[in-house]
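This report concerns only the one structure given below.
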Amino acid sequence: MPEKELSDGTPDRCGLVIFGASGDLTRRKLLPALYNLFLDGLLPPAFGIVGFARSAFSREEFRVLARGAVDEFSRRRPADPQRWPEFEQMLHYQQGGYGDAESFRRLREVQTNLDRVHAGAGNWVYYLATPPSAYREIGQGLEQSGLACSRMDAKPWSRLVVEKPIGHDLSSARALNDALSAGCEESQTFRIDHYLGKETVQNILVLRFGNGIFEPLWNHHHIDHVQITVAETDGAGSRGGYYEEAGALRDMVQNHLFQLLCLVAMEPPHNLGADAIRDEKLQALESIRPIRPEELDRQVVRGQYAAGLVDGQPVKAYREEEKVARESVTETFVAMKVYLDNWRWSGVPFYLRTGKRLARRTAEIAIQFRKLPPILFNRNPARPLDPNVLSIRLQPNEGVSLQIGSKRPGPRAEVSTVKLDFGYHSVFPAGTPEAYERLLLDVMLGDATLFMRRDEVEAAWSFVTPILEGWTHSTPDDFPNYVAGSAGPARADELLVVDGRRWGRL
Ligand code: NDP
Ligand code: BG6
């Protein structure tokens with residue numbers, strides 16, 4: 001995965017259809033990413049973008065929406081007045097229903113026209129940026145209208161991009177994957193987990209396999225435990241409708257946190273090809289020990305935020321958010337302890353936590369090494385030395401640091417805990433591309449390395465589904481159980497305290 005660079009290879013001439021183009025993802029991520037690819041000269045020549053959704057926009061109105069999105073969310077803000085008109089020419093809009101054959105017929109006309117005008121060569125990427133409940137209809141619409149999906153190596157080609165979560169449990173994920181594979185080959189299906197597009201996430205494999213010092217220590221002999229934290233200060237906001245159906249376990253753990261776990265835990269792949277990496281990630285996922293029903297409450301903690309203060313501002317409780325049920329039992333926080341039953345990780349707990357409306361926005365992986373024996377500098381039981389911790393900061397303040405002991409200057413042999421720190425921004429001041437820039441480019445290049453394969457998605461659901469089922473049998477009676485702006489429910493701390501450990505500070 002990390003061997004490829006943004007600049008290697010220009011995609012074939014092609015166009016992009018975005019289903020759900022009136023939505024949040026399109027505005028926040030997709031349009032700004034496309035604009036930045038355009039500024040970097042990475043879009044193929046004569047590119048065309050067709051937004052498709054039920055909302056009534058004229059082409060002009062869609063362009064205004066796009067301009068607003070770029071002004072607000074692009075990493076190069078605001079839109080450059082000199083370059084914007086050229087980008088704007090690429091934008092088109094087709095109003096239509098996802099299950100409506102006539103809408104797909106009109107879409108086909110627009111595409112045929114663009115193929116002629118923009119010489120797009122007939123190659124198309126179809127991006128499903130709607131809630132998952134619309135995927136099936138869109139897939140059928142594409143198939144019935146003959147728009148999708150010619151073979152990967154066919155000319156012209158078409159590719160399908162699907163957002164997480166894929167399904168809402170194992171059986172629905174299988175059904176959805178079956179439906180997708182009826183219209184598209186696996187190699188043409190790009191299942192997005194945008195965490196894999198983040199530079200700092202790609203750096204995990206470089207850190208592990210591009211350095212000589214870590215890998216010999218990367219096992220149960222030297223590592224005490226691993227913590228993976230993805231904490232957000234945002235609440236459900238305008239996405240209450242979606243979030244009520246999802247919850248933190250489906251929205252974050254099944255995909256983003258498990259992908260991070262895979263990159264930390266996997267064996268070295270035999271090359272950097274898409275399947276070699278995904279084979280190893282699958283092995284890691286399959287070695288996660290299932291949580292038995294009687295262990296559920298001891299190993300998994302769920303929470304929901306009450307009103308509180310975030311960044312000094314009062315925020316409402318989850319149950320008061322738009323489109324959220326007043327008695328909702330949807331979890332906005334999950335913490336869990338998992339074990340991988342394999343040779344490398346035997347007995348090493350991986351603690352995962354994620355939540356909305358927490359004290360701080362941070363995504364970080366902390367690898368805590370084993371304690372020192374109680375000799376030499378660590379003789380005093382009243383003042384034990386801190387263990388070494390390798391922290392991989394994924395966002396914000398991206399970087400890697402290593403906590404070590406160092407002699408405090410002076411006549412006594414006293415040890416202080418200090419950090420060796422690498423910060424991306426001080427070493428690479430030019431900044432890094434957004435995840436969606438890299439991922440959109442990779443789809444156009446046909447490179448699936450940073451996308452989830454069907455078996456990975458299903459393996460993650462196999463672990464998560466029994467937890468979801470277990471939760472349906474016991475309604476949480478303590479929701480809301482953490483105050484917005486805090487570190488989450490107290491029971492999440494107990495998860496580690498009983499093991500004689502504690503979470504890194506939020
Ligand atoms: P939105 O709720 O904004 O939905 C996108 C569009 O889909 C809407 O504008 C609407 O368009 C259409 N839509 C909404 N609900 C339905 C429905 N029930 N049936 C059919 N169409 C519907 O979602 P997001 O843009 O936030 O998310 C889209 C996908 O992207 C989701 O799978 C999400 O998990 C994923 N995602 C989102 C991120 C984000 O930051 N927003 C980040 C990472 C992933 P219209 O009514 O005009 O047809
Ligand atoms: C999305 C989730 O996949 O990831 C959101 O649907 C979450 O709920 C988002 O806020 C977090 O992404 P990032 O890149 O901001 O950490």
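Tabulated data for the structure shown
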{"read-out": "Relative intensity, log₁₀ I(q)/I(0), of the chain from a Debye sum that treats every alpha carbon as a point, q = 0.07, 0.09, 0.10 Å⁻¹", "value": "-0.41, -0.67, -0.83"}
{"read-out": "Karplus (6.51, -1.76, 1.60) ³J(HN,Hα), θ = phi - 60°, over segment 313-318, in Hz, Gly and Pro reported as x", "value": "9, x, 10, 7, 6, 4"}
{"read-out": "For segment 138-209, alpha-carbon Rg over 2.2 N^0.38 Å", "value": "1.35"}
{"read-out": "Centroid-to-centroid separation of segment 483-506 and segment 223-266 [C-alpha atoms, Å]", "value": "16"}
{"read-out": "The chain: calculated mean residue ellipticity at 222 nm from DSSP helix runs of at least 4, using -39500 (n - 2.57)", "value": "-9000 deg cm²/dmol"}
{"read-out": "Protein-only accessible surface order, largest first, of Tyr424, Tyr127 at 1.4 Å", "value": "Tyr424, Tyr127"}
{"read-out": "Residue-by-residue Karplus 3J(HN,Hα) for segment 447-453, coefficients 6.51, -1.76, 1.60, Hz, glycine and proline x", "value": "9, 9, 4, 8, 10, 8, 7"}
{"read-out": "Under 5 Å, built H, 5+ apart or other chain: amide partners of Ile166", "value": "none"}
{"read-out": "Distant-in-sequence amide H partners of Gly51 (H built 1.01 Å from N, under 5 Å)", "value": "Ile18, His92, Tyr93, Gln94"}
{"read-out": "Cα-Cα over 25 Å, subset of Lys164/Lys281; Lys198/Lys316; Lys281/Lys371; Lys164/Lys198; Lys281/Lys337; Lys356/Lys419", "value": "Lys198/Lys316; Lys281/Lys371; Lys356/Lys419"}
{"read-out": "Cβ charges +1 (Lys, Arg) and -1 (Asp, Glu), total dipole of the chain, debye", "value": "1300"}
{"read-out": "Cα centre as origin, Lys/Arg/Asp/Glu Cβ charges: segment 261-343 dipole, Debye", "value": "240"}
{"read-out": "Vicinal HN-Hα couplings computed from phi for segment 352-366 (Karplus, 6.51 cos²θ - 1.76 cosθ + 1.60; Hz; Gly/Pro x)", "value": "10, 8, 8, x, 9, 6, 9, 5, 8, 8, 7, 10, 8, 10, 10"}
{"read-out": "Normalised contact order of the chain, rounded percent, pairs of Cα under 8 Å and 6 or more residues apart", "value": "17"}
{"read-out": "Unit charges on C-beta of K, R, D, E only; dipole of segment 121-216, Debye", "value": "120"}
{"read-out": "Spatial separation of Cα centroids for segment 312-379 and segment 15-89, in angstrom", "value": "35"}
{"read-out": "Descending semi-axes in whole angstrom, ellipsoid equivalent of segment 373-496, from the Cα gyration tensor", "value": "38, 29, 16"}
{"read-out": "Portion, in percent, of the accessible area of the chain that falls on carbon or sulfur, probe 1.4 Å", "value": "51"}
{"read-out": "Where the chain is the region considered: accessible area per residue in Å², 1.4 Å probe", "value": "44"}
{"read-out": "Chain lengthening between Lys155 and His221 when straightened (0.36 nm per residue, less Cα-Cα)", "value": "18.6 nm"}
{"read-out": "DSSP beta bridges in the chain [antiparallel fraction, %, rounded to 5]", "value": "55"}
{"read-out": "Area projected by the alpha carbon convex hull of segment 288-354, averaged over all directions, nm²", "value": "6.6"}
{"read-out": "For Gln395, residues with placed amide H under 5 Å, excluding near neighbours", "value": "Ala363"}
{"read-out": "Among 65-76, 358-369, 329-340, the order from most to least packed when residues are scored by Cβ within 10 Å on average", "value": "329-340, 358-369, 65-76"}
{"read-out": "Among Ile49, Leu217, Ser406 the positive-end extreme of the charge dipole of the chain (Cβ point charges)", "value": "Ser406"}
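The values are calculated or read from the model by the stated rules, or taken from the named source; none is laboratory data. Note that the structure is predicted; figures quoted are calculated from it, not measured. Neighbour counts are summed over all protein chains in view; Cβ atoms, including those assigned to glycine, are modelled from backbone coordinates with ideal geometry. Note: areas computed on protein heavy atoms with side chains; ligands, DNA, RNA excluded. Shrake-Rupley method; radii C 1.70, N 1.55, O 1.52, S 1.80 Å.
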